[in-house]
Amino acid sequence: MPDDLTAPRTAVPGAGVVLDIAAEGDVDTVLHVFERLRDAGALRPLPRPMDRATL
């Protein structure tokens, strides 16, 4: 995840994190954060066998 992403997060044991990125209906913020996560590589599936750490 981008180092400067300040969205509140909740850890999900064994599954990663849930980000609280925007209020309901705030499509522009959701799209902006999606693009930042995509560009940072956080949305890429992990390769098998894994060659990088899980998020």
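The values are calculated or read from the model by the stated rules, or taken from the named source; none is laboratory data. All figures in this text were calculated on a predicted structure; none of them were measured in a lab. Note: ideal-geometry Cβ built from the backbone for every residue, glycine included; neighbour counts use all protein chains shown. These area figures cover heavy atoms from the full protein model, side chains too; ligands, DNA and RNA do not enter into them. Shrake-Rupley method; radii C 1.70, N 1.55, O 1.52, S 1.80 Å.
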Less than 12 Å Cβ to Cβ from His32, Lys/Arg counted +1 and Asp/Glu -1: what total charge do the surrounding residues give?
-2
In the stretch 1-44, if the dipole is taken from +1 on Lys/Arg beta carbons and -1 on Asp/Glu beta carbons about the Cα centre, which of Leu31, Val18, Pro8 is farthest to the positive end?
Val18
Using label points projected 7 Å from each Cα along Cα→Cβ, tell me how many nm separate Ala40 and Thr6, to one decimal.
1.4
So, for the chain, what is the accessible surface per residue at a probe of 1.4 Å, expressed in square angstrom?
81
Packing-wise, with mean Cβ within 10 Å as the measure, how do 11-21, 32-42 rank, highest first?
32-42, 11-21
Where N is the number of residues in the chain, Cα Rg divided by 2.2 N^0.38 Å
1.23
Please report the carbon-and-sulfur percent of the accessible area for the chain; probe 1.4 Å, protein heavy atoms only, DNA, RNA and ligands left out.
56
